Amino acid sequence: MTNKKGPLALNKSVQPGVLIISHGSPDPEWAELVDGTVSELMELLPEGISVEAVFLDNHEGRLIQDGIDRLEAQGITEIIVIPLFVSSGSTHIDEITYALGIKSTPEKETDMERLRISARVFLGVPVHDDPLIAELVWDKVRGLSKQPEREALVLVGHGSRHDGFRQRWEEGIAALSARIGEISGLAAADYALLNPDSLRSQVSRYTEEMGDGVIVAPLFLSAGYFTKRVIPDRLKGLQYRYSGEPLLPHPLVARWMYAQILNIMRSVNN
């Protein structure tokens, strides 16, 4: 897709293409959510910027190599890659960084092969603790809050059992939950992971302190097995408030991608 309009005028010496990479799913709604967000992003980007939304798997013709090939076929020599993932602790970030040639070897063994790419690559970062995403999460659960000063929020992420990756997960989600606490006025904002599992113990601890004033928020891009089944199953019998709403859809996801792209473009053009 190529943007036809945009409110921002930049130095034209470098006009990169953009590659949005997300996990993908057999569920067609996943691609629809991503495509809807990319359409919102296109409304923000400068004129002439081409954007390809691609997936790790499950989407024939829209895999990473397909997107690279389409951008390079347009003569694009600089590609900004935005990893649409919630944590730098995801093993997929390691795989993508390796496949793009940014690192010589992956930290964890992977079946993913090096990609064919001639363009210079500028890699963005996952959500981690971005302030816009903190606003987004609070916006999603704000309706569950009655007296923030007497409530606690537990932000739930997938996590990782792999050493090194787990620590990145913990660092990012801890910082993100702290940001949510700052903007929400909640008495406490904390996190739990599904791997290794700390969800029930965390929610139990806060229900002992807050009674029914515990809000559980999923840190997942889209609704699915983990948000609909795993989280509720692990919390059976406990008092808590839960909407199950993932990050998508929400306009702040497009704003988050736009801010990254803009910062990279400015650094390239300078």
Check your understanding: At what distance in angstrom do the alpha carbon centres of segment 222-270 and segment 80-149 lie from each other?
Key -> 11 Å
Exercise for review: Using Cα positions and a limit of under 15 Å, work out the aspartates and glutamates in reach of K140, with same-chain residues fewer than 8 apart set aside.
Suggested key: E245
Check your understanding: With each pseudo-label sitting 7 Å past Cα toward Cβ, what's the D35-K236 distance in nm, one decimal?
Key -> 3.8 nm
Check your understanding: On the accessible surface of the chain, probed at 1.4 Å, how many percent belong to carbon and sulfur atoms?
Key -> 47 percent
**Study point:** Residue-normalised accessible area of segment 157-269, expressed per residue, 1.4 Å probe, Å²
**Key:** 44 Å²
**Study point:** Added length on full extension, which subtracts the Cα-Cα distance from 0.36 nm per residue, K146 to L262
**Key:** 38.0 nm
Point to revise | Label-to-label distance, nm, for residues given as A175 and D69 (7 Å Cα→Cβ offset) | key: 3.7 nm
Revision key, fill the gap. The extension gain from S243 to D163, computed as 0.36 nm times the residue separation minus the Cα-Cα distance, is 25.7 nm
**Study point:** Spacing of the two label points (7 Å from each Cα toward its C-beta) at R229 and D139, in nm
**Key:** 3.1 nm
Exercise for review: Select from L44, L199, T105 the residue farthest towards the positive end of the dipole of the chain; place +1 on Cβ of Lys and Arg, -1 on Cβ of Asp and Glu, and compute about the Cα centre.
Suggested key: L44
Revision key, fill the gap. With every protein chain kept in place and a 1.4 Å probe, the residues H250, H128 fall, from largest accessible area down, as H128, H250
Study note, to complete from the structure: Result for segment 84-153: accessible area per residue, probe 1.4 angstrom, in square angstrom, of 51 Å²
Revision key, fill the gap. Comparing A192, A53, A178 in a Gaussian network model of the chain (Cα, 10 Å), the one with the largest mean-square fluctuation is A178
Check your understanding: When only Cα pairs under 8 Å and 6 or more residues apart are kept, what is the percent relative contact order across the chain?
Key -> 20 percent
Check your understanding: Which percent, nearest 5, of DSSP beta bridges in the chain are antiparallel?
Key -> 5 percent
Review point. What figure in square angstrom, to the nearest 10, would you give for the accessible area of K236 with a 1.4 Å probe?
Key: 130 Å²
Review point. Can you give the relative contact order of segment 136-201 as a percent, counting alpha carbon pairs under 8 Å and 6+ residues apart?
Key: 43 percent
Review point. Can you work out the FRET efficiency for the pair E182 and V125, with r the C-beta to C-beta distance and R0 = 30 Å, to the nearest 0.05?
Key: 0.90
Review point. Just from its helices, what would the mean residue ellipticity at 222 nm be for the chain, if runs of 4 or more DSSP H residues each count -39500 (n - 2.57) and the sum is divided by every residue, rounded to the nearest 500 deg cm²/dmol?
Key: -11500 deg cm²/dmol
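The values are calculated or read from the model by the stated rules, or taken from the named source; none is laboratory data. Only a predicted model underlies this, so the values are computations on that prediction, with no experimental measurement involved. Cβ atoms come from the backbone with ideal geometry, glycine included; neighbour counts cover every protein chain shown. These area figures cover heavy atoms from the full protein model, side chains too; ligands, DNA and RNA do not enter into them. Shrake-Rupley method; radii C 1.70, N 1.55, O 1.52, S 1.80 Å.
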